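Notes follow the structure.
The values are calculated or read from the model by the stated rules, or taken from the named source; none is laboratory data. Computed from a predicted model, the values in this text were never measured in an experiment. FYI the Cβ positions are ideal-geometry reconstructions off the backbone, even for glycines, and counts take in every protein chain you see. The protein model used for the area step is the full one, side chains on, heavy atoms only, and it has no ligands, DNA or RNA in it. Shrake-Rupley method; radii C 1.70, N 1.55, O 1.52, S 1.80 Å.
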Amino acid sequence: MSNIIVVGCGRVGSQLANMLSDGGNNVCCIDRNADAFTNLGRNFNGSTIQGVGFDEDVLIHAGIEECDVLAAVTQYDNANLMCAEVAGRLFDVPHVIARLYNTDHERAYTQLGIDYVCGTSLVAEEIFSKIIAGHGSHITTFGQYEVLEFSLFLGDSDEDARRSIRVSEIERNHEISIVAFERADGSVSSIPSADSVLYNGDTVLACVQQDHIDQILRYIKDGSDEWPNA
């Protein structure tokens, strides 16, 4: 369990605060506008403080002296930068993350050693990678390999719904490594062995060489028989 401060309670900040709180962390959310805390909903288990996120007194009240992580996710780059600088340099917070809007400032953030997330870049990169990959199962690329997440497809008839296949059979015949899987009903999530059995509809996380992707498309639900970019 970590002590986490989230500065900014807009759509991103409120969702982040709730996710962290649901994960069992101690979360304090700071925003200069008290009305913003309504974004957290009724089930938020953390605390809230109205104030400016880079004000030292506000941060101390929020528990910055015992803080493990601070995330500055306001709508303003300058405010996020100041929050990150104050938290990291004055209070020695071990991990500080700032949201960044203007991609022109990425080099400066890197030079300052600030961990950041640029929404504009992330969205563009994700769309770009999916376009290049040619399919929605794509997660990321490592050299000549792709990481895919897909729903296992073994047929769409009532009889097919009960079909299964061993991990070793897919890996042996299709140059693919199954990294993890989850049952369709969410009852089991596991890192498989070669003898693990996968069922129709299971969610599969896999790594596959790009040259061999067309060989496994028949196992991807809603997949086609041809590689889109071929």
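A few notes on this one:
- Of all residue pairs spaced 6 or more apart or on separate chains, those with beta-carbon atoms under 6 Å, a first member in the stretch 152-172 that is over 13 Å from residue 202 (Cα atoms) and a second member that is small (Gly, Ala, Ser) are 168/194.
- Per the listing 58, 6, the residue uniquely touching a strand residue (DSSP E or B) at 6+ places or on another chain (Cβ under 7 Å) and in a strand (DSSP E or B) is 6.
- Residue within the stretch 65-87 that is in a helix (DSSP H, G or I), in contact (Cβ under 8 Å) with a residue 60 or more places away in the chain and open to solvent by 40 Å² or more (accessible area, probe 1.4 Å) present: yes
- Pick from the stretch 26-55, criterion among the small types (Gly, Ala, Ser) and in a loop (DSSP other than H, G, I, E, B), ranking: most open to solvent (accessible area, probe 1.4 Å): 41
- Any chance residue 145 is in contact with a helix residue (DSSP H, G or I) (Cβ under 9 Å, 6 or more places away or on another chain), modelled with pLDDT under 90, open to solvent by 80 Å² or more (accessible area, probe 1.4 Å) and among the hydroxyl-bearing types (Ser, Thr, Tyr): yes
- Selection of first residues in the stretch 29-44 that are touching a residue at least 12 places away in the same chain (Cβ under 8 Å) and of second residues that are open to solvent by 80 Å² or more (accessible area, probe 1.4 Å) and not basic (Lys, Arg), restricted to Cβ pairs under 7 Å at least 6 apart or on distinct chains, gives the following pairs, ordered by first then second residue: 31/50; 32/50; 34/50.
- Taking each residue of the stretch 1-27 that is within 14 Å of residue 62 (Cβ to Cβ) and looking for partners that are of a type in the set (Ser, Thr, Tyr) and open to solvent by less than 30 Å² (accessible area, probe 1.4 Å) with beta-carbon atoms closer than 7 Å, six or more apart or interchain, yields 7/74; 8/74; 27/21.
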